[in-house]
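Participant: My structure is below; once you've seen it, I'll send some questions.
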Amino acid sequence: MTAATARTDAYPTRVSTEDPIAREHPTVWGSASDGPFDADTLRTHEERGFTICEDFLSAEEVETFGAELTRLTSDATLRSDERVITEKASGQVRSLFEVQDFSAPIDALSRDPRLLDRARQLLGSEVYLHQTRVNYMPGFQGTGFYWHSDFETWHAEDGMPLPRAVSCSIALTPNYPFNGGLMVIPGSHRTFIPGVGVTPEDNYASSLKEQTVGVPSEAAITRMAAEHGIDQFTGPAGSALWFDANIMHGSGNNITPFPRSNIFLVFNSVENALEEPYAAPAPRPGYIGNRDVTPLR
Ligand code: 6CS
Ligand code: FE
């Protein structure tokens, strides 16, 4: 009889107590000679867990992707697609997942060297898209996302072994402090906060509207905010925020007339392919946690 080989889990989560775990894995896996980020930027990224690139997209590109978002939100046939997530209260479109399947320009963007070269450098390997979405955060009705670590969910529910993934959030509208701009706790990525609780069946059906499981305690957020402070990603349309999979982040509601729309591309290392979930009854669908690790070209 072969003993089932018990896999190691460096970041146990969805457990009974919230005992922080010091991250044993790097944030930056490549080096300055591997891509466009210089040594200083990589050092800061390792330390703070995020990097802001102003003027990442040209004004024309912002125009093109903005038009794509308008086209996608006004396409009535899309509303019935499971990849469209609507706002709990207003029913307006909140997110659209696997967006590269709906938009050739966004598919091309995900393969653009400005993104691929940086993702490969940060992750020290070939990369593929773990998840993509556009977040709309409409004016007046847009609701934010409470504090969370993406990696906690991706580890528990998608079976992502290590925090060797990086997200690139590209602003398509100006990100002001007051219209739901993403807040991050710099340096929080170096500690893993296990979620307390058990993952319900098909949790993603509700968690993508409002996450309840795997959410850190107010005490943990208070401790980290006291130690590291809170930074906010603000900047003109076309700015890009690169942030580590495990950084604690969240955003407030948007009650202003100014929408806060972004394209969100998550690159995962091909060495960090999804396995069975570490803390969920079944894997999430491929449009949320992609299992095709063909390197992006
Ligand atoms: O569950 C997820 O994969 C998504 N949830 C949030 C709130 N951010 C990351 C990710 O898109
Ligand atoms: Fe997130």
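The values are calculated or read from the model by the stated rules, or taken from the named source; none is laboratory data. Quantities reported herein were computed from a predicted structural model and do not represent experimental measurements. Ideal geometry is used to build each Cβ from the backbone, glycine not excepted, and the neighbour counts take in all protein chains shown. To get the accessible areas, we keep the full protein, side chains included, count just its heavy atoms, and leave off ligands, DNA and RNA. Shrake-Rupley method; radii C 1.70, N 1.55, O 1.52, S 1.80 Å.
Participant: Restricting attention to the range 262-291, which residues are under 15 Å from the mean Cα position of the chain (by Cα) and either closer than 9 Å to ASP158 by Cα or surrounded by fewer than 22 Cβ atoms within 10 Å (Cβ to Cβ) (or both)?
Facilitator: Within the range 262-291, PHE264, TYR287, ILE288, GLY289, ASN290 meet the criteria.
Rundown of residues vs (1) touching a strand residue (DSSP E or B) at 6+ places or on another chain (Cβ under 6 Å); (2) within 14 Å of ligand 2 (Cβ to nearest atom), yes/no style:
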{"position": "PHE140", "(1), (2)": "no, no"}
{"position": "TRP154", "(1), (2)": "no, yes"}
{"position": "PRO163", "(1), (2)": "no, yes"}
{"position": "ALA171", "(1), (2)": "yes, no"}
{"position": "ASN179", "(1), (2)": "yes, no"}
{"position": "MET183", "(1), (2)": "yes, yes"}
{"position": "HIS189", "(1), (2)": "yes, yes"}
{"position": "GLY195", "(1), (2)": "no, yes"}
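Participant: State whether one or more residues within the range 163-175 are among the polar types (S, T, N, Q), more than 16 Å from ligand 1 (Cβ to nearest atom) and part of a strand (DSSP E or B).
Facilitator: Yes, because at least one residue in the range 163-175 is among the polar types (S, T, N, Q), more than 16 Å from ligand 1 (Cβ to nearest atom) and part of a strand (DSSP E or B).
Participant: Could you tell me which of the residues SER95, SER33, SER90 is in a helix (DSSP H, G or I), of a type in the set (S, T, N, Q) and farther than 27 Å from HIS228 by Cα?
Facilitator: Only one candidate qualifies: SER33.
Participant: On to the next question. Would the range 61-68 turn up any residue that is surrounded by 14 or more Cβ atoms within 10 Å (Cβ to Cβ), β-branched (Val, Ile, Thr), at negative phi and in contact with a Gly (Cβ under 6 Å, 6 or more places away or on another chain)?
Facilitator: yes
Participant: Here's a follow-up. Working carefully through the options ALA171, ALA165, ALA240, find the one that is in contact with a Cys (Cβ under 6 Å, 6 or more places away or on another chain) and buried (at least 22 other Cβ atoms within 10 Å of the Cβ).
Facilitator: ALA240
Participant: I'm told GLU152 meets every condition in (1) part of a strand (DSSP E or B); (2) open to solvent by less than 10 Å² (accessible area, probe 1.4 Å) except one. Can you identify the failing condition by its number?
Facilitator: (1)
Participant: List the pairs whose first member sits in the range 275-292 and is free of Cβ contacts under 8 Å to residues at least 60 places away in the same chain, whose second member is buried (at least 17 other Cβ atoms within 10 Å of the Cβ) and of a type outside the set (Gly, Ala, Ser), and whose Cβ atoms are under 6 Å apart, counting only residues at least 6 apart or on separate chains?
Facilitator: Taking only residues 6 or more apart or on different chains, the pairs are ARG291/LEU274.
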